[in-house]
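Participant: Below: one structure in structure tokens.
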Amino acid sequence: MTSVAEPGGLTWLSTSVSDPRVLPMLRELGHEYSTRYGKDAHGELARYPDEEFDPPHGVLLLLLEHGEPISGGAFRRYDHTTAELKRIWTHSAHRRRGLARRVVAELERIAAARGYRRVFLTTGPRQPEARELYLATGYTPLFDTGADPETIGPLPFEKHLADRPAGSPDSHERKV
């Protein structure tokens, strides 16, 4: 776990799935998925072993405000050059502040620093807010955007990361 906590500010926390501060994210994501997709949607949160989100191949980030988690996300290794974004979340009381964009940008920065050249992700067809987030942050849809999302299933996106100089820092200890 890595963080820089300063009173009154936003702080990044790199942690593990077992950290109790991750529970609000998992609870709210589980509720969101179940509301949109039905009771079995909770299984999506358990699809991957927790270790897949641990360094050196993955990361789980929380964005804290006054020590409380308000946004977060993770990535795991998809293949040797591709990171897969998962669990992008903003607490329902803190939406419309651009926090998810910050989370995505920080995950991309860390992925690039770790040598990944591409980011891949999928979002559900009943999550138009997520679809718009990825389109707005430069992700290329790997599906027909004119089609009914319900006929597609999971909506895949990709983004190629800019080259970073060798030895670029991979610090999660950054004040926001």
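We did not get these values from a lab; they are worked out from the coordinates using the rules stated. All values reported here derive from a predicted model rather than from experimental measurement. Positions of Cβ are backbone-derived with ideal geometry, glycine not excepted, and every protein chain shown enters the neighbour counts.
Participant: Grab the eigenvalues of the alpha-carbon gyration tensor for the chain, scale each by 5, take roots, and send me the semi-axes largest first in whole angstrom.
Facilitator: Calculated on Cα positions only, the semi-axes equal 24, 20, 15 Å.
Participant: Thinking of region 32-119 as a set of Cα atoms, what percent of all their pairs are more than 21 Å apart?
Facilitator: Tail fraction, whole percent: 37.
Participant: Grab the other residues whose beta carbon is less than 10 angstrom from that of GLU44, score K and R as +1, D and E as -1, and report the net.
Facilitator: It works out to a net charge of +2.
Participant: Next question, about the same structure. Among LEU60, LEU142, LEU85, determine the one that fluctuates most according to a GNM of the chain built with springs between C-alpha atoms less than 10 Å apart.
Facilitator: Of the options given, LEU142 has the highest mean-square fluctuation.
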